[in-house]
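The values are calculated or read from the model by the stated rules, or taken from the named source; none is laboratory data. On a predicted model such as this, the values are computed, not experimentally measured, just so you know. Note: ideal-geometry Cβ built from the backbone for every residue, glycine included; neighbour counts use all protein chains shown. What goes into the accessible areas is simple: the full protein's heavy atoms, side chains included, and nothing from ligands, DNA or RNA. Shrake-Rupley method; radii C 1.70, N 1.55, O 1.52, S 1.80 Å.
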Amino acid sequence: MKEMYLDNAATTPVYPESVREMEKVMLKSYGNPSSIHNKGEEAFKLISDARKKIAGDINCKPEEIIFTSGATESNSLALSFKSKKKKIFVSSIEHPSVMENAFKLEVRGYEIIKIPVDNLGIIDFNFLEKMIDSNTFLVSVMHVNNIFGTIQDIGRIGKLCRKRGALFHTDAVQSFGKLKIDIQEMCVDMLSASAHKIGGPKGTGFLYMRTGITLEPIIVGSGQERGMRSGTENVPGIVGFAKALEMQKKVNGNKVEKLRNNLILGLEEIGGKINGDRKKRIWNNVHVSFSGRDNEGIVLALSLKGIYVSTGSACESKKTKEDYILKAIGLNKGEIDSGIRITLGKDTTEKDIKRLLKEIKNLLR
Ligand code: PMP
């Protein structure tokens, strides 16, 4: 039975090129980047090169990249500060790693304002424009939603924030390496990304943090990463991340998008309702509901056939944790309980799409 992995928004298979680089680092360049001898220097140079490569991709300075253990940590760090300004805006479809940290800020006396989204998952820009004021410290809006793939116009949001004197953070986990990001053009002050969503290893990510911003480090100690994230750097992970980015940039998104569009048509033919925006949507994502059906049943039945899709997102407490995101775009209970996320990979073929459609059709029957 051929396995078909269609859950690339949850995580991705690691590029063999990335694995080979990491193996080399672990076996040969195992020095501590803080050591002053040659072995330390060698490791330091490896993370410096990776930092430059990643910074170049989003057009920031290398020293503005803080390596972390992944985007949950990056988002937590971005929302860890003390400020006199007390208003924080977050979109109502943020990942729990932003939402939960916003709730923590609320307990500490900040006012958290959720920006509503329309039925396609696009934020209400006018709401933000009207509400943002001189007491606003931060606006956090994700670039691409992890469940239904909607793409926000982060350049427009960034420019508004810049004009009104608020900082702008974006969770770019689902877009980094896949869509063009220029933090200068888009006026982004902080950006989170994660290696395992683009064919890199799990447990590595970064926060881009514009020079001049002051955050409260979550992990303190020997002062690595400009004091923002202490602890010996994950050298193999960081090197593997940069290599994965290089490989990811070669992926032909248009080709995957064509397959995805065929899949959408096929799903609609068998009674599926597509959730999220048709056009402003990351090229590998489909989110579909089959009202009256149980999504877990479908996902598990497909799994028995070696086809791996998702009931939504892949957070710890599987079922209800992220329902607020689907409720925010106006889905009813039947649509939420039957929602399936299919996220194509670089190697997905037309044959795979046909097989998936056939299997779903059989299950629905
Ligand atoms: N934000 C978004 C949009 C995500 O999709 C994820 C991963 N599900 C995260 C944050 C958390 O990333 P990590 O797994 O690297 O902690």
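Numbers below:
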quantity	calculated
Selection count, segment 212-236, where residues are of a type in the set (D, E, K, R) and farther than 14 Å from residue 70 by Cα	3
Answer from 304, 263 - the residue that is within 26 Å of residue 118 (Cβ to Cβ) and among the aliphatic types (A, V, I, L, M)	263
Test set (1) farther than 22 Å from residue 161 by Cα; (2) open to solvent by 10 Å² or more (accessible area, probe 1.4 Å); (3) without any contact (Cβ under 8 Å) to a residue 24 or more places away in the chain - residue 40 fails condition number	(2)
Any hit, segment 15-26, residues being within 27 Å of residue 287 (Cβ to Cβ), open to solvent by 10 Å² or more (accessible area, probe 1.4 Å), within 16 Å of the ligand (Cβ to nearest atom) and part of a loop (DSSP other than H, G, I, E, B)	no
Filtered residues of segment 1-24 (kept if closer than 21 Å to residue 197 by Cα and among the hydrophobic types (A, V, I, L, M, F, W, C))	4, 6, 9, 10, 14, 19, 22
Residue satisfying condition, being touching a Ser or Thr at 6+ places or on another chain (Cβ under 6 Å), more than 16 Å from the ligand (Cβ to nearest atom) and in the same structural domain as residue 179 (by TED's automatic domain parsing), within set 53, 45, 87	87
Residue match in segment 261-272 (condition: free of Cβ contacts under 8 Å to residues at least 40 places away in the same chain and either touching a Gly at 6+ places or on another chain (Cβ under 7 Å) or basic (Lys, Arg) (or both))	no
Residue match in segment 265-275 (condition: out of contact with any helix residue (DSSP H, G or I) (no Cβ under 9 Å at 6 or more places or on another chain), at pLDDT 95 or above and farther than 30 Å from residue 43 by Cα)	yes
Subset of segment 177-199 [open to solvent by less than 20 Å² (accessible area, probe 1.4 Å) and within 10 Å of the ligand (Cβ to nearest atom)]	192, 193, 194, 195
Test for residue 208: is it touching a Cys at 6+ places or on another chain (Cβ under 8 Å), of a type in the set (Ser, Thr, Tyr) and assigned by TED's automatic domain parsing to the domain that holds residue 73	yes
Residue in segment 154-162 that is at pLDDT 95 or above, assigned by TED's automatic domain parsing to the domain that holds residue 199 and within 21 Å of residue 198 (Cβ to Cβ) present	yes
Helices (runs of 4 or more DSSP H) lying entirely in segment 65-147 (those with 1 or more residues that are closer than 26 Å to residue 54 by Cβ and touching a strand residue (DSSP E or B) at 6+ places or on another chain (Cβ under 9 Å))	71-78, 96-107
Members of segment 323-365 that are in a helix (DSSP H, G or I) and of a type in the set (S, T, N, Q)	362
Number of positions in segment 133-168 that are more than 25 Å from residue 279 (Cβ to Cβ) and either open to solvent by less than 10 Å² (accessible area, probe 1.4 Å) or free of Cβ contacts under 8 Å to residues at least 24 places away in the same chain (or both)	4
Residues satisfying the stated conditions in segment 280-296, i.e. in contact (Cβ under 8 Å) with a residue 40 or more places away in the chain and part of a helix (DSSP H, G or I)	295
Hits in segment 71-84 (condition: open to solvent by 10 Å² or more (accessible area, probe 1.4 Å) and within 11 Å of the ligand (Cβ to nearest atom))	71, 72, 73, 76
Pick from segment 90-110, criterion within 21 Å of residue 133 (Cβ to Cβ) and away from the ligand (no atom under 12 Å from the Cβ), ranking: surrounded by the most Cβ atoms within 10 Å (Cβ to Cβ)	90
Members of segment 202-213 that are in contact (Cβ under 8 Å) with a residue 24 or more places away in the chain, surrounded by fewer than 24 Cβ atoms within 10 Å (Cβ to Cβ) and more than 10 Å from the ligand (Cβ to nearest atom)	210, 211, 213
Matching option when the condition is out of contact with any helix residue (DSSP H, G or I) (no Cβ under 9 Å at 6 or more places or on another chain) and either outside the structural domain of residue 123 (by TED's automatic domain parsing) or modelled with pLDDT under 95 (or both), among 279, 354	279
